[in-house]
Amino acid sequence: MTTVEILFRYATPPSEPVIFALASTRDVYGIRGLRFNSETRTLRVEYDATRLNAATVSGLVRQAGLEIVEQMPLFEAPLPAEPAPAI
């Protein structure tokens, strides 16, 4: 098993029916967990990459009714180091 996480940003807060539909995605073999962050309007999905891929997970989330704006990187790229000042 290869556990992978994918992070989505959504447009509007999910309604109660959407939350119930997303909860039922846990019944899909390979979905391991869902975590919402209402402050950043993101949904983090943990899944088994030997069973599912990112496109399938995105489809399941959209099918549940959540309006995905974008898939976001899990980690931000480090800023480039500033060059040393010339002497």
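So here's what we get for this one:
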item: Pairs with Cβ under 7 Å, 6+ apart, first in segment 20-32 and under 17 Å from Ala54 (Cβ atoms), second small (Gly, Ala, Ser); result: Leu22/Ala64; Thr25/Ala64
item: Single match in Val45, Val61 (criterion: modelled with pLDDT of 95 or more and either surrounded by fewer than 14 Cβ atoms within 10 Å (Cβ to Cβ) or not in a helix (DSSP H, G or I) (or both)); result: Val45
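The values are calculated or read from the model by the stated rules, or taken from the named source; none is laboratory data. Worth saying up front: this structure is predicted, and the values here are computed from it rather than measured. Note that each Cβ is placed from the backbone with ideal geometry, even for glycine, and that neighbours are counted across all protein chains shown.
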